[in-house]
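Visitor: For reference, the structure I am asking about is given below.
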Amino acid sequence: MTVIKVLSIILGLFALWQVLIRVFRKLFHFPAPAFIGSFLDSNYRRKLQPPEKIIQRSGIRKGTRVLEVGCGSGAYTTFVARAVGREGRVYALDIQPEMLQQLESKLARPENEDIRNVELVNSSAYELPFDDDSLDLVYMVTVLQEIPDRSKALQQVRRVLKPGGILSVTEWLPDPDYPWKSTTIKIGREAGLVLDEAPGNFWHYTVRFRKPQNSSWALPDTG
Ligand SMILES: C[S@@+](CC[C@H](N)C(=O)[O-])C[C@H]1O[C@@H](n2cnc3c(N)ncnc32)[C@H](O)[C@@H]1O
């Protein structure tokens, strides 16, 4: 009985926290502050949201040229860098220089000296500094809902992806901006991307889209 009581209290507090933080985020919209960088890049979090799962669900492979939009402090960047290997490349992009500084420090640690294929890019998702049709894969982990104009950001993603290239969007329930899977699918489709697969559950899912072959990068005419 006591165990049930404790579990109910924990669940109740989690639900209350989720309601309060979501209301707060609706009222005050800003990028995740850089001081939470060490929480984001923690082994505790990676136990709940394992990098191997994100890599496998996103279709990241050896030799892939990857853009990580909203890399933050780099919780997943080093794992992806090793997954794409020497023939691949990771462009780790974030709007906040303070987040990129944390990733830079992480890459400078002795245990990461084997990683030479990561390039840090300080830019907004609205202005991706890459050529049209130039990247194999773009991924975002708990980022898309943080971007106020998601359609504008996905137009850019669609522009820089090669025809047939992948966009993978991963979401995680404790994130205050967490959306339903159906919402993520709708946003991607509205940006002219084709749904490939959406593995995972309510707690942690990835939606994988493809840029259509023979695609011009302009948004479809919905008028
Ligand atoms: C919740 S954090 C997630 C960071 C990382 N993906 C992770 O899972 O640890 C969201 C990140 O997206 C970045 N971000 C928010 N809006 C952005 C935008 N418009 N362009 C580029 N990055 C953005 C924030 O600066 C922040 O580092």
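The values are calculated or read from the model by the stated rules, or taken from the named source; none is laboratory data. Note that this is a predicted model, so its numbers are computed, not measured. Don't worry about glycine lacking a Cβ; one is built from the backbone with ideal geometry, like all the others, and counts go over all protein chains shown.
Visitor: Please state which one of Ser124, Ser215 is assigned to a loop (DSSP other than H, G, I, E, B), touching a residue at least 24 places away in the same chain (Cβ under 8 Å) and outside the structural domain of Val66 (by TED's automatic domain parsing).
Guide: After applying the criteria, what remains is Ser215.
Per-residue answers, yes or no, for (1) crowded, with 20+ Cβ neighbours inside 10 Å; (2) at pLDDT 95 or above:
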| position | (1), (2) |
| --- | --- |
| Val138 | yes, yes |
| Val143 | yes, yes |
| Lys152 | no, yes |
| Arg158 | yes, yes |
| Val169 | yes, yes |
| Pro179 | no, yes |
| Ser182 | no, yes |
| Phe202 | no, no |
| Lys211 | yes, yes |
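Visitor: Which residue pairs have Cβ atoms under 8 Å apart, sit 6 or more places apart or on different chains, and have a first residue in the range 74-85 that is more than 14 Å from Leu120 (Cα to Cα) and a second that is assigned to a helix (DSSP H, G or I) and of a type in the set (Asp, Glu)?
Guide: Cβ pairs passing all conditions: Phe79/Glu52.
Visitor: Taking the condition in a helix (DSSP H, G or I), in contact (Cβ under 8 Å) with a residue 40 or more places away in the chain and over 21 Å from Ser168 (Cα atoms), does Glu111 pass?
Guide: Here the answer is no, as Glu111 does not meet what is asked.
Visitor: Tell me, which residue of the range 134-155 that is part of a helix (DSSP H, G or I) and more than 26 Å from Gln213 (Cβ to Cβ) is nearest to the ligand (Cβ to nearest atom)?
Guide: Here the answer is Glu146.
Visitor: To continue, here is another question. Can you find, within the range 175-208, the residue that is farthest from Gln155 (Cα to Cα) among those that are assigned to a loop (DSSP other than H, G, I, E, B) and without any contact (Cβ under 8 Å) to a residue 24 or more places away in the chain?
Guide: Looking at the filtered set, the residue picked out is Asn201.
Visitor: Follow-up. Read through the list (1) within 21 Å of Ala75 (Cα to Cα); (2) within 12 Å of the ligand (Cβ to nearest atom), then give the number of the only condition that Leu167 fails.
Guide: Among (1) within 21 Å of Ala75 (Cα to Cα); (2) within 12 Å of the ligand (Cβ to nearest atom), Leu167 violates only (2).
Visitor: Can you give me the number of residues within the range 6-22 that are loosely packed, with under 12 Cβ neighbours inside 10 Å and under 30 Å from Gln101 (Cα atoms)?
Guide: Counting residues in the range 6-22 that are loosely packed, with under 12 Cβ neighbours inside 10 Å and under 30 Å from Gln101 (Cα atoms) gives 0.
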